[in-house]
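Student: Dropping a structure here in structure tokens format, bear with me for questions.
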Amino acid sequence: MFTVGRRLEGAAGRTGVLSTPHGDIRTPAFIPVGTKATVKAVLPETMSELGAQALLANAYHLYLQPGADIVEAAGGLGRFMNWPAPTFTDSGGFQVLSLGAGFKKTLAMDAKGVTADDVIAPGKDRMAVVDDDGVTFRSHIDGSTHRFTPELSMQIQHQLGADVIFAFDELTTLMNTRDYQERSVARTHAWAERCVAEHRRLGSTQQLFGVVQGAQHEDLRRRSARDLVALDLAGYGIGGAIEKENLDEIIGWVVEELPDDRPRHLLGIGEPDDLFMAVEQGCDTFDCVQPSRVARSSRVYTARGRHNLGVAASRRSFEPIENGCDCYTCKHYTVAYLHHLFKANEYLAATLTTIHNERFIVRLVDDMRGAIDTGDFAAMKAEFLGGYSAGAVSTQ
């Protein structure tokens, strides 16, 4: 199912091929997120044209709407959304955090000096309650109550029919106490064991990935990884809240414990500098909503940093977002036009900026893969980050 190719000299990074019934994924690869069986504002055919090799959808959201049974009756996730290539589904574990503590980002949480197990984001209500058996959710759609267990997560993902699925896990915050993190890691492993048992009972041929947790604690990260390796899973996800400045170190701890012949997926990471670190440390695939999310608020990626198309200077800029970019948007439209679309609240604004951002990140990781193959990764990284950092601060 996974074949290792060229290795990065002096580091754990590598190229590879992850094989699925719906095609091969050449790694490293960025997997765009289509939470509700769609990448917001963009056609599936367009995602294929811009180079996406696979898409990831959210099991919790599809369970609520339209229902996993509807997706199954349609022939599975790929056929339901008219996407013939490989698909991933996450387990609902992210919603343990986003609906429980109310946080939307797992990377670079401001946790300095804060330790509290009942922490909740300002202005949010707790809509997920965890116990050792599972999680009780309150729907963000209609307030109805739903009970998720490892077994139900496997059943839902089995019905959705994605090629790669993830074990149900608890995503904590960086603000949780050490004692809670220990109990959470033990709980996540117990859930993984139950996921494996249910996966086998269902007779599923989907590739089941476990999820390594442990927050910022080295011993917990290593323990979580080792315990999952003992379950002999098809692959491994690296999840949880991670301080940005410690991203490479934490990934390094985990990768040292994982088997070399299995794919490693980094959950929820998609900023360019983070992707370089993750590839170098040995991650193979990545997913993140960030490229499409920031696009919808008029922010676009370029080699000089991230730019806001809503600023006044964009009004008379009759150039593409980035000269030389091969995306559909840059070939056909100017910054001035995109600025106009955002000011006029036109839907097309989100479509065109999302196309650019997704292409930018997909192409960037593809270029990293090519640079590993040619032995030029270090030079590519230095050149890109040198230019990207120079513009990132002033163009937010």
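Student: Among DSSP bridges having both ends in the chain, what percentage is antiparallel? Round to the nearest 5.
Tutor: If we restrict to bridges inside the chain, about 45 percent are antiparallel.
Student: Only residues of the range 202-229 count here: report those whose backbone N is under 20 Å from the spot 7 Å along Cα→Cβ of V130, or say none.
Tutor: Zone members listed by number: 209-229.
Student: To the nearest µm²/s, what D does Stokes-Einstein give for the range 263-340 at 20 °C and 1.002 mPa s, using the Kirkwood radius over alpha carbon pairs as Rh?
Tutor: 154 µm²/s
Student: Express in nm, to one decimal, how much length is gained between N82 and D232 on full extension, taking 0.36 nm for each residue of separation and deducting their alpha carbon distance.
Tutor: 50.8 nm
Student: Which part of the range 250-287 falls in the paramagnetic zone of S389, meaning amide N under 18 Å from the point 7 Å along Cα-to-beta-carbon?
Tutor: Hits in the range 250-287 for S389 at 18 Å: 271-281.
Student: Sticking with this structure for a sec: How much FRET efficiency would the formula 1/(1 + (r/R0)^6) give for V4 and A344, where r is the Cβ-Cβ distance and R0 is 45 Å, rounded to 0.05?
Tutor: 0.35
Student: While we're on this one: Kindly report the accessible area of the chain per residue (heavy atoms of protein chains, probe 1.4 Å, no ligands, DNA or RNA), in Å².
Tutor: Per-residue accessible area for the chain comes out at 41 Å².
Student: Restricting things to Cα coordinates, could you compute the convex hull volume per residue of the chain in Å³?
Tutor: Given the Cα convex hull of the chain, per-residue volume reads 139 Å³.
Student: Cα centroid distance between the range 2-47 and the range 326-396, in Å?
Tutor: Distance between centres, Cα-based: 18 Å.
Student: Rounded to the nearest 10 degrees, what's the angle between the helix 178-202 long axis and the longest principal axis of the chain, both from Cα atoms, 0 to 90?
Tutor: The angle comes out near 80 degrees.
Student: Are there any GluC sites (Glu not before Pro) in the range 1-70 that are in a DSSP loop and have at most 14 other Cβ atoms within 10 Å? List them by number.
Tutor: E9
Student: Sticking with this structure for a sec: Sort 373-382, 62-71 for me by packing, meaning the mean count of neighbouring Cβ atoms within 10 Å per residue, highest on top.
Tutor: 62-71, 373-382
Student: Given the rule -39500 (n - 2.57) for each run of at least 4 DSSP H residues, summed and divided by the residues of the chain, what is its mean residue ellipticity at 222 nm, to the nearest 500 deg cm²/dmol?
Tutor: Mean residue ellipticity, 222 nm, calculated: -12000 deg cm²/dmol.
Student: What's the ranking of 50-60, 133-143, 222-232 by average number of surrounding C-beta atoms within 10 Å, highest first?
Tutor: Per-residue mean Cβ counts within 10 Å order the peptides as 50-60, 222-232, 133-143.
Student: Which length gain, in nm to one decimal place, applies between A11 and N323 when the Cα-Cα distance is subtracted from 0.36 nm times their residue separation?
Tutor: Additional length available on full extension: 109.0 nm.
Student: Average projected area of the Cα convex hull of the range 16-59, in nm²?
Tutor: 3.3 nm²
Student: Mind ordering 349-357, 189-197 by average Cβ neighbours within 10 Å, highest first?
Tutor: 349-357, 189-197
Student: With a Cα-only, solvent-free Debye model of the range 131-214, what are the log10 I(q)/I(0) values at q = 0.16, 0.21 Å⁻¹?
Tutor: Values, matching the q order: -0.67, -1.01.
The values are calculated or read from the model by the stated rules, or taken from the named source; none is laboratory data. What you see is a predicted model; the values in this text were computed from it and never measured. Note: ideal-geometry Cβ built from the backbone for every residue, glycine included; neighbour counts use all protein chains shown. Remember, those area values only see protein heavy atoms, side chains included, never the ligands or the DNA or RNA. Shrake-Rupley method; radii C 1.70, N 1.55, O 1.52, S 1.80 Å.
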